[in-house]
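Beneath this line is the structure, given in structure tokens, with notes to follow.
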Amino acid sequence: MKRLSILGSTGSIGKNALDIVRMYPDRFRVTAMTAANNTECLAKQIEEFKPEIVAVIDKERALDLSRLLKGNHGPEILFGEEGYIEAASYKNSDMVLLAMVGSAGLKPALAAIESKKQIALANKETLVMAGDIVMARALENGVSIMPVDSEHSAIFQCLQGNRQKDIKKLILTASGGPFRTKPLHDFKDISLEDALHHPNWTMGKKITIDSATLMNKGLEVIEALHLFHVLPEEIEVVIHPESIVHSMVGFKDGTVMAQMGRPDMKGAICYALSSPERLDLKLDFPDFTGLGALTFEKPDTKKFPSLLFAFEACKEKGTLPAVLNAANEIAVNAFLEKRISFQDIFRHISKTMESHTRIDNPDLFSIIEADCWAREKLESLI
Ligand code: MG
């Protein structure tokens with residue numbers, strides 16, 4: 001029996017993970033759960049999965065949740081950053097699924113590592129912001145970090161039975177998002193509704209916008225750098241609109257291994273939870289003859305400069321990746337609130353990165369300071 005803390009249980013990764021727990025109640029038990037603000041959904045999940053502790057973002061929502069649960073013998077209800085940290089390091093859990101959105105994942109991730117919990121990592125921002133620190137602490141504490149992101153799960157799976165030193169290249173695939181074929185001169189007319197419509201994957205709002213700007217792939221490049229100990233020049237991004245090949249690894253001898261499947265997050269989540277075992281998820285294989293062809297193309301960095309920003313951030317390192325990440329969070333939020341246009345996202349991030357004075361080998365404090373600086377800077381540009 002694996003006991004799980006699920007941070008971000010009401011998001012799309014969290015819900016998919018709970019589907020897996022529902023399918024395999026003899027293997028998994030949820031002992032801790034957190035959700036930022038969707039208390040109604042969380043209350044239903046609590047009734048079904050009966051965790052021992054839960055956490056929400058603030059006291060007000062903690063009171064809401066307590067009312068929704070009608071004072072039944074429910075879980076202990078915590079709130080705020082301390083609540084998340086408690087859930088991430090909860091004594092009765094073996095593995096922590098970090099599936100919350102954005103930089104809020106960093107401190108719980110470190111808390112989970114310090115308490116030697118195994119980690120299933122869906123929150124890419126954690127590694128983007130502080131990959132060097134997180135990976136070093138994981139190594140010190142003997143904690144393995146299992147990737148949940150489909151691309152990194154694919155690479156992890158392709159590496160099974162292979163040696164790290166035989167890797168020549170990681171090839172990350174990207175669907176290209178909803179604007180892959182839209183000409184650049186029409187980008188000024190992109191609406192929020194257009195951007196929220198992802199062709200292949202159903203995901204939360206932030207990551208859906210990140211997919212439309214290709215920033216999601218940019219953040220994944222930085223994530224891959226840390227997870228697989230490669231150099232920026234050993235990572236290539238390839239657009240693959242069918243989203244069947246989830247990523248590939250090229251080896252010294254010219255062999256390329258690809259991991260394929262239908263675009264359904266359950267596969268990657270379940271592999272992170274149960275690897276090396278594979279559980280029957282009742283998922284169909286891709287319909288290869290129906291598809292007829294799998295296609296690949298180069299990303300257009302004129303349309304999507306976010307990839308250039310990400311490669312710059314991983315070459316420059318220091319506090320720049322954290323600045324990129326924070327600037328992106330604020331820009332995406334502002335776009336979701338219709339305060340800026342789609343192309344402003346790129347403009348504002350670029351300006352914020354340009355005006356940052358980078359610190360090399362930053363400690364956690366400097367990273368968090370750079371994160372705050374970038375948020376204020378981007379907000380001032382709006
Ligand atoms: Mg991904």
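Rundown of residues vs (1) open to solvent by less than 50 Å² (accessible area, probe 1.4 Å); (2) at pLDDT 95 or above; (3) touching a helix residue (DSSP H, G or I) at 6+ places or on another chain (Cβ under 9 Å); (4) closer than 26 Å to R3 by Cα, yes/no style:
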| site | (1), (2), (3), (4) |
| --- | --- |
| V134 | yes, yes, yes, yes |
| R137 | no, yes, yes, yes |
| G142 | no, yes, no, yes |
| V148 | yes, yes, yes, yes |
| E151 | yes, yes, yes, yes |
| K169 | no, yes, yes, no |
| T173 | yes, yes, yes, no |
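Looking across K70, K50, K15, K107, one residue alone is within 25 Å of A136 (Cα to Cα) and surrounded by fewer than 20 Cβ atoms within 10 Å (Cβ to Cβ). It is K107. Report, by residue number, each residue of segment 188-220 that is open to solvent by less than 10 Å² (accessible area, probe 1.4 Å) and more than 11 Å from the ligand (Cβ to nearest atom). Of everything in segment 188-220, those that are open to solvent by less than 10 Å² (accessible area, probe 1.4 Å) and more than 11 Å from the ligand (Cβ to nearest atom) turn out to be A195, T208, I209, A212, T213, L214, M215, G218. With respect to S355, determine if the residue is closer than 25 Å to E242 by Cβ, of a type in the set (S, T, N, Q) and modelled with pLDDT of 95 or more. Criteria not met by S355. Looking across segment 108-156, the residues that are within 15 Å of the ligand (Cβ to nearest atom) and either in contact with a Gly (Cβ under 8 Å, 6 or more places away or on another chain) or small (G, A, S) (or both) come down to A120, A122, N123, E125, T126, S150, S153, A154.
The values are calculated or read from the model by the stated rules, or taken from the named source; none is laboratory data. Everything numeric here is computed off the predicted structure, so don't read it as measured data. So basically every Cβ, Gly included, is an ideal-geometry build from the backbone, and we count neighbours across all protein chains shown. Note: accessible area is taken over every heavy atom of the protein model, side chains too, but ligands, DNA and RNA are not part of it. Shrake-Rupley method; radii C 1.70, N 1.55, O 1.52, S 1.80 Å.
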